[in-house]
1. Within the range 159-194, work out how many residues are out of contact with any strand residue (DSSP E or B) (no Cβ under 7 Å at 6 or more places or on another chain) and open to solvent by less than 10 Å² (accessible area, probe 1.4 Å).
2. Being part of a helix (DSSP H, G or I) and either touching a Lys or Arg at 6+ places or on another chain (Cβ under 7 Å) or open to solvent by 90 Å² or more (accessible area, probe 1.4 Å) (or both) is the filter here, so list the residues in the range 224-247 that pass it.
3. Across the range 129-158, what is the total count of residues that are touching a residue at least 40 places away in the same chain (Cβ under 8 Å) and either open to solvent by less than 30 Å² (accessible area, probe 1.4 Å) or over 24 Å from Leu254 (Cβ atoms) (or both)?
4. Restricting to the range 69-101, name every residue that is under 23 Å from Leu251 (Cβ atoms) and among the polar types (S, T, N, Q).
5. Closer than 28 Å to Gln148 by Cβ and open to solvent by less than 60 Å² (accessible area, probe 1.4 Å): does that describe Ala84?
6. Considering each residue of the range 195-209, count those that are surrounded by 20 or more Cβ atoms within 10 Å (Cβ to Cβ) and touching a strand residue (DSSP E or B) at 6+ places or on another chain (Cβ under 7 Å), and give that number.
7. How many residues does the range 36-62 contain that are open to solvent by 60 Å² or more (accessible area, probe 1.4 Å) and either of a type in the set (Lys, Arg) or in contact with a helix residue (DSSP H, G or I) (Cβ under 9 Å, 6 or more places away or on another chain) (or both)?
8. When you scan the range 1-73 for strands (runs of 3 or more DSSP E) that lie fully inside it, which ones turn up with 3 or more residues that are among the aliphatic types (A, V, I, L, M) and at pLDDT 85 or above?
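The values are calculated or read from the model by the stated rules, or taken from the named source; none is laboratory data. Source: prediction; values computed, not measured. Because the Cβ atoms are built from the backbone with ideal geometry, glycine has one as well, and the counts that use them run over all protein chains shown. All accessible areas refer to the heavy atoms of the entire protein, side chains included, with ligands and DNA or RNA removed. Shrake-Rupley method; radii C 1.70, N 1.55, O 1.52, S 1.80 Å.
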Amino acid sequence: MTGVDLPASLGGVSTALTPELSAGLRRKLNTLLDDLENHDSGLLLTIDEVHVSLPDMREIAALAQHMVREQRQFALVMAGLPSAVSGLLSDDVLTFLRRADKHVLGDVNVDEVHDALVETFEENGRALVPEASEMAAQATFGYPFLIQLVGYHVWRATDGDVADVAAAEAGIGAARRRLGSLVHETALADLSDLDRTFLVAMSVDDGPSQMADVRRRMGDVSPQHANTYRRRLMVAGMIQQVSHGKVAFALPYLRDFLREHGAAYGLGTDEL
């Protein structure tokens, strides 16, 4: 945030902030909030793709803590992958953030995804043929970010006013590749080597994995160690327990990504 300008109807408030966060930022924001609150308004700061390693996060958390203590009209909203949010909330320095409201964005009903895709295309002058709309909706698995990716890439792959099956196939392929680079790679980078090996061991199966099989593929690790990895991966939003002794991937297409790139994460499926 380098500056804030408000229209004349709100008093024409204008302020400039230095690029780097410092003690001066708190003073500048207090000055800005004085002006905003005089107009029955406040300040909302939004941060996307949060990560505990970002150098400014500690200063932002301290700033938010001061604003709350002083009862200023200030709000902070942050979003990120489950693994990044978990790391942020478990950081020993950022303890203030643990008192924040946490909302998990769940999967969307695929029928609703289908209707939303069709309506969005129609409202913007294009049509999705039934086969294409069904393919596109099913390909998202209801995963919110993938809904955005599939819709965007199917639109880009459409030539003319009608999105056909060829456009859907091309868009889905592009969306899956983009999901790998934006979500899978980022989420895997936050994990330990053994956590990643656990996931590669799961990728051998075409469906849910038996914990006993995963342990064997990892070199007969003990049940205690395997359960430690399982719990960590569940907290990180990478896997979910589907029944006693069985786990499945929580991220769409993660199995395919690991089969293609498993060697880069410590273990190739041909070695299991």
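1. From the range 159-194, those out of contact with any strand residue (DSSP E or B) (no Cβ under 7 Å at 6 or more places or on another chain) are 159-160, 164-194; that's our starting set.
With open to solvent by less than 10 Å² (accessible area, probe 1.4 Å) added as a condition, the list becomes 167-168, 171, 175, 179-180, 183-184, 187-188.
Count: 10.
2. Step one: list which residues in the range 224-247 are part of a helix (DSSP H, G or I), which gives 224-235.
Selection gives Gln224, His225, Ala226, Arg231, Arg232, Val235.
3. So in the range 129-158, the residues touching a residue at least 40 places away in the same chain (Cβ under 8 Å) come out as 140-141, 143, 146.
Keeping just the survivors that are either open to solvent by less than 30 Å² (accessible area, probe 1.4 Å) or over 24 Å from Leu254 (Cβ atoms) (or both) gives 140, 146.
Looking only at that region, the number is 2.
4. Within the range 69-101, Ser83, Ser86, Ser90 meet the criteria.
5. Details: closer than 28 Å to Gln148 by Cβ: yes; open to solvent by less than 60 Å² (accessible area, probe 1.4 Å): yes.
Yes.
6. Here is the first cut: in the range 195-209, the ones surrounded by 20 or more Cβ atoms within 10 Å (Cβ to Cβ) are 195-203, 209.
Imposing the further condition that a residue be touching a strand residue (DSSP E or B) at 6+ places or on another chain (Cβ under 7 Å) reduces the set to 202, 209.
Looking only at that region, the number is 2.
7. Taking the range 36-62 and keeping what is open to solvent by 60 Å² or more (accessible area, probe 1.4 Å), we get 38-40, 44, 46, 48-49, 53-56, 58-59.
Filter once more, keeping what is either of a type in the set (Lys, Arg) or in contact with a helix residue (DSSP H, G or I) (Cβ under 9 Å, 6 or more places away or on another chain) (or both): 39, 49, 53-54, 58-59.
Residues meeting the conditions: 6.
8. 43-47
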